[in-house]
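One structure below.
The values are calculated or read from the model by the stated rules, or taken from the named source; none is laboratory data. Bear in mind that the values here come from a model prediction, so they are computed numbers and not experimental data. All Cβ positions, glycine included, derive from the backbone under ideal geometry; neighbour counts span all protein chains shown. SASA here: full protein model, heavy atoms, side chains in, ligands and nucleic acids out. Shrake-Rupley method; radii C 1.70, N 1.55, O 1.52, S 1.80 Å.
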Amino acid sequence: MFHLKNSVVKKIGFTIFLFVLFIFLLYYNFLNVQIKTYLEEQGKEQLRSESENLSAQIEGFLQKYTIIVEQAKQNQEFINIAKEIDNRDLKRKNPAYVKVSAQLANIRSLDENIAQAYIALGNADDLITNLYDFDMEPSYDLTKREWYVNTIKQNKITITAPYVDLITNKTAITIAAPLMDHNVVYGAFGLDILIEDMNKIMDRFNSEIDANVGLLYDTGLILYSPVSKDSTEIGNGYIQQVFDEELAKKVLSGKEGIIQYTKEGQEKYFAYFPVKDTNIIVYNEISRSNILTPINEFLVINLLILLLIIALLMIGLYVLRKLFSAPLITICENMENYTNDRSIQLPQEILVRQDEIGTLAKGFYYMIDEISNYILKLEEKNRELYDAKETINKERLRFETTLRSLGDGVISTDQNGKIQIMNDVAEKLTGWKSQDAYGLPFELVFHIIDENNKENALSLSRRVFENNNKEEMDENIILVKKNGEKILIEDCAAPILDDSGNITGVVIIFRDCTVKREKQAEISYLSFHDQLTGLKNRHFFDRELKILENERYLPLSLALIDVNGLKLTNDAFGHQMGDRLLQIVANTLKTSCRKNDLVCRIGGDEFILLLPKTDKKDAERIVEWINLEIANLTYNNMIISVSIGWATKTSFEEDIMKVYAKAEEHMYRKKLMESQNMKKKTMQMIIKKLHETNQKEKIHSENVRKISKAIGEALKLDQELLQEVEMAGTWHDIGKIAIDVMLLDKPGKLTLSEFEIIKRHAETGYHILKSVDTYSNLSEYVLAHHEHWDGSGYPRGLRGHEIPLVSRIILIAGAYEMMTRDTAYGRALRREEVINELMRCSGKQFDPSITKVFVDILKKQP
């Protein structure tokens, strides 16, 4: 080794030795001070980590029971029975008691650590347990039970302190949650959990670590305290007995942390960590002396290791550098180059070596070649996999979108008839959520019965499996929803086949046809009934007439009824009043006829009676009774009158249409005698009602009549025409019967829309008078009494002599009457002002010749 005396490697090694030794001495002195702090921090971190680990194990132990409680508090049957039972003596009479008790027993059987499962009945101050016949003592009071009070007060899942279970005589805790509906608490659900397994966790954990671990309740109660591994221990009781008030508050604050305290002359570290979502706190305790014990051993060992490292380092420095370091560095540099530019160039002297370095270099070359090929294949596979994933995602998205957008319910099953897929419509129609129905038998979710006999219908999926064909369900099928509600449905099903033609499942498509059935019923009703009166219509009459043309219904009488003055009523009072008139007549006909008689409305104002097994004399009595009933009818001072004609078919050979024609002819003869008289009375009633509701109109009509007569006499009209002038003056505003009195009496100026309503009174009066033969000649005068000489009037815009003479007279008379009395539009004018206004409007609004005559009359008046 002499030739290495002045070598760089030796110098480097000696320099490293001196440097390491110097560093170690500094390190040794520094470590003696700092290692304590380091070990203390490491010890505290270990305490925190161990506490967190134990907390996670305790949380895992309690989590499955918390999940059971969380699910139970959402059980609608538990909520309902807590809400309904308010008397502990009657709890077993509740229909749901047996089912709920069985459910509690099922929950109890889920885990051997569940000692009891029960429901607290807040209204009855009692419990329902998993034991059907179990009853609490009469003195049992829920308000004095910690688990019940805490969970109701905190309105969340709570865990009690340990206690001895009355039934098992073992230590247990209670996990409870409130039972609520619409934010109202009706009781609570509780589980009594045996905690022997939790104690085993604690014992096992204590046996594996140097520290002492235990459990606290958030009130400070020490739940678990092992025998300490040093000379002191926390013991039983409350944590407040161990720490002062300030430290105890930190431990019970609900937050994690580590505190340092002194007990019996020993300094200790105490780590605390709350178990998530519980009232339990995990603590871990270790003495400071235990943490610092290894420090001397640690320093000695480090010194020996350091010396050994220095020796080995110096010895192997040259060998490592020459034989291994340099070649490995070269190989690593080539690996880096390959990573960057996929190229590699190893020196030949390394490749020809027969030792491990040579083998490594050759293996590296082989590995690079294999990796290159693999990368190429992997990239190709990745591209294929990416393309396939994109295709699958698109197909899945298309399928889900199509399924959700369907207006019908869709359910698919596997080959065992278990439900796999349900769309939103299917969830709504069955009342089942897809996640709840998944894997259940199809018949359980899709429960159908026959509408007629209310028995279970044959499952559609079963029929598909049996026949291997598409199947459609018979009509009259009812689907029973999860909540018991029943709806009419239409459905069909088809098999899902694989490539070999084997059935792998069934798809069922169905819809609610309740509305469709209702629409069909409504259409059927409307096709045979009159919508206004509810009577049978002409279509039904024609069909029924063919049925009644049978000898067993002879003699068969027909009575045709026509409502008198319907058009007059419509014109005077509006079609709503006319409709009411038809309804009154229809109801009277129904109540006046016998059970087997048929009453139909066959036209606007025409009704017909079909009277089977009714001879002429009986038919006449029925008609007389109807006339008597009609005569006694009153409605809103409206006159109600009908004309009835009847005829009887006495032999089968007699043509029923001839009988119909005979009854119709009889009816028209009656109508000729009765209709005009009824219309006259209606006219008198109309004018009476108009004058009674509006006294101003009565005065106006009377004044216009007198003024019109005076003008007619001045024009030397013949007596017949003069009489028409008087009558037209009286009746000219009869159309105002159809206008609201509030509008007629409105103070101030009318709006354009209101004036358009007022203008219609001329046309209404025309139609009223036109419908009565006696007054039909007056209808044209009334229609034109607001036409102006220059064509600016209404309703037809007539001008000059196109306007009837009587209408021109009434226009001037009406205008004069309005100008000479106080109105909402202004005060009454003096005679000179009236004459000036008449002359101003002469040739525009008024006939000039008639205006001149009337002005002469006014000037002659004193």
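For this structure, a couple of remarks:
- Chain lengthening between L444 and E384 when straightened (0.36 nm per residue, less Cα-Cα): 17.3 nm
- The phi-based Karplus calculation (6.51 cos²θ - 1.76 cosθ + 1.60; θ = phi - 60°) puts the 3J(HN,Hα) values of the stretch 118-126 at 8, 10, 8, 8, x, 6, 9, 6, 8 Hz, whole numbers, x for Gly and Pro.
- Across D89, D597, D718, the residue with the most accessible area heads the list, and the full order at a 1.4 Å probe is D89, D718, D597.
- Max-minus-min Cα coordinates of the stretch 435-498 on each principal axis give 37, 29, 16 Å, with the largest extent listed first.
- Total formal charge among the other residues, if their Cβ is under 12 angstrom from that of N130, Lys/Arg +1 and Asp/Glu -1: -1
- For the stretch 373-422: rounded, prolate or oblate by the Cα gyration tensor [a/c cutoff 1.5]: oblate
- Take 58-64, 838-844 and order them by the average number of nearby Cβ atoms within 10 Å per residue, most first; the result is 58-64, 838-844.
- Listed values [x] 247; [y] 159; [z] 471 include one computed from this model; for volume of the Cα convex hull per residue in Å³ that value carries the label [z].
- Here the average projected area of the convex hull drawn through the C-alpha atoms of the stretch 145-222 stands at 6.4 nm².
- Calculated P(r) of the stretch 573-625 - Cα pairs past 14 Å, %: 57 percent
- ³J(HN,Hα), Karplus 6.51/-1.76/1.60, whole Hz, each residue of the stretch 478-484, x for Gly, Pro: 10, 8, 8, 6, 4, 8, x
- Table column - 3J(HN,Hα) (Hz), the stretch 613-619, Karplus curve with 6.51, -1.76, 1.60, x for Gly and Pro: 6, 10, 7, 4, 5, 5, 4
- Under 25 Å from K156, Cα to Cα: lysines that are on another chain or at least 8 residues apart: K64, K73, K83, K144, K249, K250, K255, K276
- Dipole of the chain computed with +1 at Lys/Arg Cβ and -1 at Asp/Glu Cβ about the Cα centre; of I449, S849, G60, farthest Cα towards the positive end is S849.
- Candidate lysines - alpha carbon under 27 Å from K658, same-chain residues fewer than 8 apart omitted: K536, K546, K590, K595, K613, K616, K617, K649, K670, K671
- Formal net charge of residues neighbouring E70 (Cβ-Cβ distance under 12 Å; K, R +1; D, E -1): +2
- Charging the Cβ of each Asp and Glu at -1 and of each Lys and Arg at +1, and nothing else, the dipole of the stretch 793-862 about its Cα centre rounds to 80 debye.
- Taking all protein chains as shown and a probe of 1.4 angstrom, E763 keeps an accessible surface of around 80 Å².
- A Cβ-based charge dipole, computed about the Cα centre of the chain with Lys and Arg at +1 and Asp and Glu at -1, lands at about 3180 debye.
- Across all directions, the shadow cast by the convex hull of the stretch 384-465 built on its C-alpha atoms averages 7.0 square nanometres.
- Nearest-ten-degree value, helix 356-405 long axis tilted from longest Cα axis of the chain: 20 degrees
- Amide H within-cut-off set for W432, under 5 Å, with H built and near neighbours excluded: K482
- The convex hull built on the alpha-carbon positions of the stretch 58-127 has an orientation-averaged projected area of 4.9 nm².
- Shape index of the stretch 139-189: Rg/Rh, with Rg the Cα radius of gyration and Rh the Kirkwood radius from the inverse mean 1/r over Cα pairs, equals 1.02.
- The spread of Cα positions in the stretch 758-847, taken along each principal axis and listed from longest to shortest, comes to 42, 26, 20 Å.
- For the chain, adding -39500 (n - 2.57) for each run of n ≥ 4 DSSP H residues and dividing by the number of residues yields -17000 deg cm²/dmol at 222 nm.
- Solvent-accessible heavy-atom area per residue, rounded to whole Å², over the chain at 1.4 Å: 56 Å²
- Per-residue SASA entry for W432, accessible area with 1.4 Å probe, Å² rounded to 10: 40 Å²
- Rh (Kirkwood; distinct C-alpha pairs) - the stretch 498-590, Å: 18.2 Å
- Förster radius 60 Å - calculated FRET efficiency between Q354 and Q76, Cβ distance, rounded to 0.05: 0.15
- Carbon-plus-sulfur accessible fraction, the chain (probe radius 1.4 Å, protein heavy atoms only): 53%.
- The order of the peptides 720-731, 241-252 by mean Cβ neighbours within 10 Å, most packed first, is 720-731, 241-252.
- Distant-in-sequence amide H partners of L179 (H built 1.01 Å from N, under 5 Å): Y186, G187, A188, F189
- Pairs over the 20 Å Cα-Cα cut-off, from the set K428/K486; K91/K486; K706/K852; K470/K516; K709/K759; K428/K482: K91/K486; K470/K516; K709/K759.
- Alpha-carbon Debye profile of the stretch 699-765, log10 I(q)/I(0) at 0.12, 0.14, 0.18, 0.29 Å⁻¹: -0.41, -0.53, -0.74, -1.17
- All-pairs alpha carbon distance profile, the stretch 68-189, 5 Å steps from 0, percent: 2, 11, 22, 27, 23, 12, 2, 0
- The rule of thumb for compact globular proteins, 2.2 N^0.38 Å, goes into the C-alpha radius of gyration of the stretch 426-544 1.43 times.
- For the stretch 744-836, the Cβ-based charge dipole about the Cα centre amounts to some 160 debye (Lys, Arg positive; Asp, Glu negative; other atoms uncharged).
- Farthest positive-ward along the stretch 704-862 dipole, Cα basis, beta-carbon charges - from Y794, M818, H761: M818
- Binning the alpha carbon pair distances of the stretch 704-814 at 10 angstrom intervals from zero yields the distribution 15, 43, 34, 7, 0, expressed in whole percent.
- If you bin all the Cα-Cα distances of the stretch 743-806 at 5 Å, starting from zero, the percentages per bin are 4, 18, 22, 20, 19, 12, 5, 1.
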